[in-house]
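Peer 1: The structure's right below; bear with me while I get my questions together.
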Amino acid sequence: MKLETYRIKRDFKKTTEPKGSPGDNAVSNIFVIQKHHASHLHYDFRLAIGGVLKSWAIPKGPSLSPADKRLAVMVEDHPLAYADFEGVIPEGQYGAGKVEIWDRGTWEPVGDLTTWLEKRKLEFILHGKKLKGAWVLIGLKNDPKNWLLIKRK
Ligand code: MN
């Protein structure tokens, strides 16, 4: 039922985004960042965790400077197949606009991956083309959806 919210938001007769299938529930260590030219340009950061892509929308995109804290708004889980998606979501559909892969690679958690959501802290290493090295996502207290993405030194 993890992808229910994802599926409810979309009409798969009209969008070419993947519906996702049970076969997607494979173990994966992929990450992807999609530049999304929606009504407001943002960067969708996705980490494969537990057979889905946990997803955050980052209005300003990631920063390579450890001094920057970038707001990352948690959005609905996406299917693993979404990591390959590029294209144009049609006018009138959820997230209408162009989606392009901005970076992609593998990731690895630093430490235990069972309590990050409850502790609202996820430390990880990215092995991408643009993004590499240590990063952290820290949940804010004001809203459970709001996190900060920060580059570690
Ligand atoms: Mn988006």
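Please treat every number below as a calculation from the coordinates, not as lab data. Worth saying up front: this structure is predicted, and the values here are computed from it rather than measured. Neighbour counts run over all protein chains shown; Cβ positions are idealised from the backbone, glycine included.
Peer 1: Treat the count of other C-beta atoms within 10 Å as a stand-in for reagent exposure and order 63, 21 from fewest to most.
Peer 2: 21, 63
Peer 1: Separate question: Could you give the dipole magnitude of the chain about its Cα centre, charging the beta-carbon of Lys and Arg +1 and that of Asp and Glu -1, in debye to the nearest 20?
Peer 2: For the chain, the charge dipole is close to 460 debye.
Peer 1: FRET efficiency for residue 118 and residue 37, Cβ-Cβ distance as r, R0 = 41 Å, nearest 0.05? All intermediate terms of the calculation are to be shown ahead of the outcome.
Peer 2: Working: r = 34 Å, r/R0 = 0.84.
That gives a FRET efficiency of 0.75.
Peer 1: Using Cα springs under 10 Å in a Gaussian network model of the chain, which residue among 43, 82, 94 shows the largest mean-square fluctuation?
Peer 2: The residue with the greatest mean-square fluctuation here is 94.
Peer 1: If you average the C-alpha positions of region 22-77 and of region 128-153 separately, how far apart do those two centres end up, in angstrom?
Peer 2: Here the two parts' Cα centres lie 10 Å apart.
Peer 1: Could you work out which residue, out of 104, 120, 70, moves most in a Gaussian network model of the chain, that is, has the largest mean-square fluctuation with Cα springs under 10 Å?
Peer 2: 120
Peer 1: Assuming 0.36 nm per residue, please report the length gained on full extension of the stretch residue 127 to residue 81 beyond their Cα-Cα distance.
Peer 2: 14.7 nm
Peer 1: Taking only Cα atoms and a 10 Å spring cutoff, compute GNM fluctuations for the chain and point out the largest among 69, 119, 60.
Peer 2: 119
Peer 1: Here is a further query. Work out from phi, with θ = phi - 60° and the Karplus expression 6.51 cos²θ - 1.76 cosθ + 1.60, the ³J(HN,Hα) of each residue of region 5-21, listed in order in whole Hz, and give x for Gly and Pro.
Peer 2: The phi angles translate into 4, 4, 6, 5, 6, 10, 10, 6, 7, 10, 9, 8, 4, x, 6, x, 9 Hz.
Peer 1: Would you order 124, 31, 12, 45 from fewest to most other beta-carbon atoms within 10 Å of each residue's own beta-carbon?
Peer 2: Ordered from fewest to most neighbouring Cβ atoms within 10 Å, 124, 31, 12, 45 come out as 12, 124, 31, 45.
Peer 1: Throw me the Rg/Rh for the chain, computed over C-alpha atoms with Kirkwood Rh, two decimals. Could you put the intermediate results ahead of the total?
Peer 2: Details: Rg = 14.8 Å, Rh = 15.7 Å.
Here the Rg-to-Rh quotient is 0.94.
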